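Worksheet: the structure to be examined is printed underneath.
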Amino acid sequence: MADRVTVIGWDGPPLTEAARAALGAATLVAGAAHHLALPEVPAHAERVRLGSLGLAARRIAAHRGTAVVIADGDPGFFGVVRTLRAPEHGLEVEVVPAVSSVAQAFARAGMPWDDAQVVVAHRRTLRRAVNVCRAHSKVAVLTSPGAGPAELALLLAGVHRTFVVCEELGTEREEVSVITSDNAADRSWRDPNVVIVIGGPVAAETGWIAGRDPGSKPRGWALPVEAYGGGTGEGENERLRAAQLARLGPRVGDLVWDIGCGIGAYAVEAARFGAAVIAVDRDADACGRTTASARRFGVQLQVVHGSAPHVLEDLPEPDVVRIGGGGAPVVAAVADRRPERIVTHAATRDQAELIGRDLVEHGYVVECALLQSVELDTRVWTERDRSVAFLISAQLDRPDS
């Protein structure tokens, strides 16, 4: 096992005295090509090119001597420190930090970032990173080859955002570009880069917690329809909505379809959980009311005017779907897209059975429950309203390989 492991963060300027001292004593140095070319790297030290972090960690753990790992920015922020400290390697690590590339990017843009979401985009996480950009007004994306500004822009098609692209921060080739998302796919970008994605209103005041302030929205879920401007629509009962939210469990990184969005109550509440939401309705007035509800609650969502199932063909792949209307044909079209979970409702047992059988044939495990709610006037304790619906929830049994 290595006698000592020092991780040095590098953000472009000359190395600190502590970093130079650690390098001077190193018998193994790991880093990217531009790190290994630094003049402070001893000529006699073994050099390890960082590719697979797990492989590099095993090489370091097997080394008898003093090891140094050089990484861009703050190595404790989405960096190599987590891998090196994994229990299977048994390494004790000393860190010499530097300014993170996210902090540098916001500094170049002259913007605060305590209200920003920060995500890492690899090929396997790109879609989830894009969903965060859909759902939040300020996001910093740490990119990677194949998951950069162009790929972000392509997956954000139909959603307007402003990109601040910071290429090769801290080097002589550093460049900062401000561009709209619909133009970002037409350019080639140099790695490494950080993309600040801006869309919609941003916080004007300092909060008390980094990221989105959870205390800025009304307390509770499944709020009454009056909170969304009043009115009624199919499936707008708040108790049914609460059950649908519980079954779908929308979360940060998800893309939710809300088909038959009505007054926007479900779409807004899914967005309040941090999920990206596409709300669909064939009624232009419903689309307008959903947009107004989103504005009232300060959430980001995309509203699409059109009739399902045809309008669904060009939408990006969903993680979970709530179907507020359209019946069996829409359910079948949604199931063909293979989301992880689907919820809908039916007015009769025959309708529920027809929908449930179709979902089972599509490879879903289906549950159905009869929900009855009775609202009482508590001044005189008499019945004021009664609603009955069959709640149908489906979970994909065998995800596509």
Flagged in the range 273-317 as assigned to a helix (DSSP H, G or I), acidic (D, E) and within 27 Å of L126 (Cα to Cα), in numbering order, are E313, D314
Of the conditions (1) in contact with a Lys or Arg (Cβ under 8 Å, 6 or more places away or on another chain); (2) at pLDDT below 95; (3) of a type in the set (S, T, N, Q), Q302 fails just one. Which one is it? (2)
Within the range 310-334, the residues that are touching a residue at least 24 places away in the same chain (Cβ under 8 Å) and more than 26 Å from the chain's Cα centre (by Cα) are G325, G326, G327, A328, V330, A332
Has the range 352-371 got any residue that is touching a residue at least 12 places away in the same chain (Cβ under 8 Å), crowded, with 21+ Cβ neighbours inside 10 Å, part of a strand (DSSP E or B) and touching a helix residue (DSSP H, G or I) at 6+ places or on another chain (Cβ under 7 Å)? yes
Restricting to the range 52-106, what's the tally of residues that are surrounded by 20 or more Cβ atoms within 10 Å (Cβ to Cβ) and of a type in the set (F, W, Y)? 1
What's the number of the condition P316 fails, among (1) open to solvent by less than 50 Å² (accessible area, probe 1.4 Å); (2) modelled with pLDDT under 95? (2)
Yes or no: V197 in contact with a helix residue (DSSP H, G or I) (Cβ under 7 Å, 6 or more places away or on another chain) and either modelled with pLDDT under 90 or among the hydrophobic types (A, V, I, L, M, F, W, C) (or both)? yes
Out of everything in the range 122-134 that is modelled with pLDDT under 95 and not basic (K, R), what residue ends up being least open to solvent (accessible area, probe 1.4 Å)? T125
Matching residues in the range 6-53 (in a strand (DSSP E or B), of a type in the set (V, I, T) and farther than 11 Å from I70 by Cα) number 0
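Where residues in the range 86-111 are assigned to a loop (DSSP other than H, G, I, E, B) and of a type in the set (A, V, I, L, M), which of them is nearest to D3 (Cα to Cα)? Break it down into steps so the answer makes sense when it comes.
At the first step, the residues of the range 86-111 found to be assigned to a loop (DSSP other than H, G, I, E, B) are 86-92, 97-100, 110-111.
Now narrow it down to the ones that are of a type in the set (A, V, I, L, M): 86, 91, 98-99, 111.
Details: A86: 17, L91: 9, A98: 23, V99: 27, M111: 42 Å.
Per the criteria, the residue is L91.
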Could you look through the range 328-340, keep only residues that are out of contact with any Asp or Glu (no Cβ under 8 Å at 6 or more places or on another chain) and at pLDDT 95 or above, and pick out the one that is surrounded by the fewest Cβ atoms within 10 Å (Cβ to Cβ)? D336
Among the residues of the range 264-286, the number that are open to solvent by 10 Å² or more (accessible area, probe 1.4 Å), modelled with pLDDT of 95 or more and under 20 Å from H136 (Cα atoms) is 0
The lone exception for E238 - which of (1) at pLDDT below 85; (2) closer than 24 Å to D283 by Cα it fails: (1)
All but one of (1) assigned to a helix (DSSP H, G or I); (2) at pLDDT below 95; (3) under 21 Å from N131 (Cα atoms) hold for C261; which doesn't? (1)
Working only within the range 1-24, note down all residues that are open to solvent by 50 Å² or more (accessible area, probe 1.4 Å), out of contact with any Gly (no Cβ under 8 Å at 6 or more places or on another chain), of a type outside the set (S, T, Y) and touching a residue at least 40 places away in the same chain (Cβ under 8 Å). R4, A18
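The values are calculated or read from the model by the stated rules, or taken from the named source; none is laboratory data. Please read all numbers here as calculations on a predicted model, not as lab measurements. Backbone-built Cβ (ideal geometry, glycine too); neighbour counts: all protein chains shown. Heads up: the accessible areas ignore ligands, DNA and RNA and are worked out on the full protein's heavy atoms, side chains in. Shrake-Rupley method; radii C 1.70, N 1.55, O 1.52, S 1.80 Å.
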